[in-house]
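Since the structure comes first, as structure tokens, the remarks are kept for the end.
The values are calculated or read from the model by the stated rules, or taken from the named source; none is laboratory data. In this text the structure is predicted, and so the values were computed from the model without any measurement. Here the Cβ positions follow ideal geometry from the backbone for every residue, glycine too, while neighbour counts run over all protein chains shown. For accessibility, only protein heavy atoms count, side chains too; no ligands or nucleic acids. Shrake-Rupley method; radii C 1.70, N 1.55, O 1.52, S 1.80 Å.
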2 protein chains.
Amino acid sequence: MLLVAVIASEDGTRMVIDCHGHYTTAPAQLGEYREAQRRAVEADPGHVGEKGIVDISDDELRASLEPNQLRLQRERGIDATLLSPRASWMGHHLGNEHTSRFWTEHCNDLIRRICDLYPANFVPVCQLPQSPGAGIASSVSELRRCVEELGFVGCNLNPDPSGGFWDGPTLDDPHWHPLYEVMCELDVPAMIHVSAACNPHFHSTGSHYLGADTTAFMQALTSGLFRDFPTMRWVIPHGGGAVPYHWGRFKGMAEEQGWQHLDELMGNVFFDTCVYHQAGIDLLVDVVPTTNVLFASEMVGAVKGIDPATGHAYDDTRRYVDAADLTDQQRAAIFEGNVRRVYPRLPDLDRQAKMER
Amino acid sequence: MLLVAVIASEDGTRMVIDCHGHYTTAPAQLGEYREAQRRAVEADPGHVGEKGIVDISDDELRASLEPNQLRLQRERGIDATLLSPRASWMGHHLGNEHTSRFWTEHCNDLIRRICDLYPANFVPVCQLPQSPGAGIASSVSELRRCVEELGFVGCNLNPDPSGGFWDGPTLDDPHWHPLYEVMCELDVPAMIHVSAACNPHFHSTGSHYLGADTTAFMQALTSGLFRDFPTMRWVIPHGGGAVPYHWGRFKGMAEEQGWQHLDELMGNVFFDTCVYHQAGIDLLVDVVPTTNVLFASEMVGAVKGIDPATGHAYDDTRRYVDAADLTDQQRAAIFEGNVRRVYPRLPDLDRQAKMER
């Protein structure tokens, strides 16, 4: 069980760190690269190709972020965001293991460049070059490259690289063990995050994301896999899917079936705050231990509108956490301390901000 | 949009009607019949067979219910339960369309017999003889048989008869239209309820049930299918899966994407109260209009234990509804009025109870 450690900034102020943001606003060149890959694989399913070039200038990167993520950070008082490639574009079911590798390297390289341009605003989290039927070795290599060479602090792991057919290995399968071992060695967590669904039954950012979150939690609960990886940490996004709302159901099933107790699982599994209304956040912080809730908004993401009932953006989750029934210490843990604890490679963002000033 | 109509009993008292119970405690003969079917289909996938006999006496039916559902009804102050065959045993992915038909007829016949034995305690709801790849005609026939000949008041519709592979028609596909038309003609609702998962990614009563609930809601929301069936009614079980917890997400997406507004969808879609802790029920009745919440506990079902924090059964949902922040009128609507409105074929249970006395 990990210990609680709320780390204050040097000057005693608290930071607000969003642990879940994607680069959803990339210039068109990125999509064009991907389209060319897809055409090549359509013509030849065994296409290998080469990494090639995604020609995006620093100015174009800035222009894609300034009016979007950076503007919203300022408006909402978010100090920094853990930024990863666009989740719905990971598209592990598209192309093959070779194109997935090159695509992933480019997406991660772009994240690194963004974090170099804005070291006080963004911290890099990587996607993995998963591919249905392929082994996990290339994901292990890319995780090592990103963390050891490029300073990434975590990864996104797709529990269903098929895109909604759920026909690959479950999360407790030995298939994943080499990746889990390196996550533990490097002390980086995984956010368990699917990509777009190609199964017409599922709406990607609606039922597929939320269903996958619940499914991943349930696989961890029933398998007890964290007993084999006691230092591994998972973040379940989107407020944990259906889990906190059905906390009594899962708690009762675990007690009855002799699975891990939820308290024990809370040493390894964490939930973000991507729940887009006050009542949902209130429930989340009520039933889940505060030590296991990490601030996040996933902006700019699935819900971009203004709630007519409040006049504020649905995904402005800082407002909900600010208004929730929490002590100052609990709120600081959610906004900063828990994020630093789950992502211990997070840099000293305060110092970086000061060096910039 | 349906009108609210809280119907009081003749003598002014309110009833508590549980809209979601399954016959989970059947004698062993039922399972033996099913096993024989499975062996026959294993030997010959095209096996047709015949309906045959499930030899269970009235005394055996009583013995299976008295210490279970009937005891819990009495202990918890539940007047009547809408009873349908065991959901996890519907097993539409097992056998073929012929065995599914005979199996379904037997399961529904048993429900009818139970309701004849205890007309004040149970009201019949049927399962449908769905089968992957088969047409919907046999489900239409069985629905007509159950409602027109046997007095059933509703049905359970499985949105994924594959058992977790989600490879059949989506709920807005014309495949389902003949069934929807008969549901409207007969004025009976469907509870959208999957059966056991055979996909190892999903735990049946955990991630599969809850994921399917969210998926069904999302398919209704994105397709606008209720505009073509304006009088059709669906009950989404298990508190609506992840939907109420993510109400802001769905509301925001619907507004942004130009789907049906949630308010409009609430003319057709209802949620039960199978959420097994106070915080979950509090959220449900806070965000979902009271007119759209139907009392249910799904006992004896997925969670049978006692919550050590309260000393009461997790699935004793009456306690949570009693304790929720509701007016007496709202509580009466959830306990009785809404159930009667959504299931208008529900008999006058009070009169039946009095005739028995």
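Computed with a 1.4 angstrom probe on protein heavy atoms, the B-A interface buries about 4400 square angstrom of accessible area in total. Classify region A:286-347: rounded, prolate or oblate, from the alpha-carbon gyration tensor (a ≥ b ≥ c, eigenvalue square roots; a/c under 1.5 rounded; otherwise prolate if a/b is larger than b/c)? It comes out oblate by the Cα gyration axes. Rolling a 1.4 Å probe over the heavy atoms of the protein chains gives region B:1-135 an accessible area of 43 Å² per residue. Near B:Val16: Cβ cut-off under 13 Å, other residues only, Lys/Arg at +1 and Asp/Glu at -1. The net charge is 0. Here the scattering of the protein assembly as shown is modelled by Debye summation over its C-alpha atoms, one equal scatterer each and no solvent; at q = 0.06 Å⁻¹ the log10 of I(q)/I(0) is -0.36. For region A:141-222, carbon and sulfur atoms together expose 50% of the accessible surface, with a 1.4 angstrom probe and every protein chain in place. Note on A:Ala323 and B:Gln257: with the Förster distance fixed at 22 Å, the Cβ-Cβ geometry gives a FRET efficiency of about 0.20.
Annotation for B:Arg227 and A:Asp173: the two label points, set 7 Å from Cα along the Cα-Cβ direction, are 4.1 nm apart.
Scanning residues 5 or more positions from B:Asp272 or on other chains, those with amide H under 5 Å from its amide H are B:Ile236, B:His238, B:Gly239, B:Gly240, B:Leu294, with H placed 1.01 Å from N in the peptide plane. Given R₀ = 56 Å, what would the calculated FRET efficiency be for A:Arg39 paired with B:Asp59, taking r from the Cβ atoms and rounding to 0.05? Once rounded, the FRET efficiency stands at 0.20.
Each Cα pair under 8 Å and six or more residues apart adds its sequence gap; the mean of these over the residue count of chain A is a relative contact order of 20 percent. Expressed to the nearest 5 percent, the antiparallel share of DSSP beta bridges inside the protein assembly as shown is 5 percent. Spatial offset of region A:91-144 relative to region A:163-208 amounts to 14 Å, using the alpha carbon center of each. When the Cα gyration tensor is reduced to axis lengths a ≥ b ≥ c, the ratio a/c is 1.5 or higher for region A:230-357, and with a/b not above b/c it is classed as oblate. When peptides A:30-36, A:316-322, B:337-343 are sorted by average Cβ neighbour count within 10 Å, with the highest value leading, the order is B:337-343, A:316-322, A:30-36. Under 13 Å from a label point set 7 Å out along the Cα-to-Cβ vector of A:Arg71, the amide N atoms of region A:277-312 belong to A:300.
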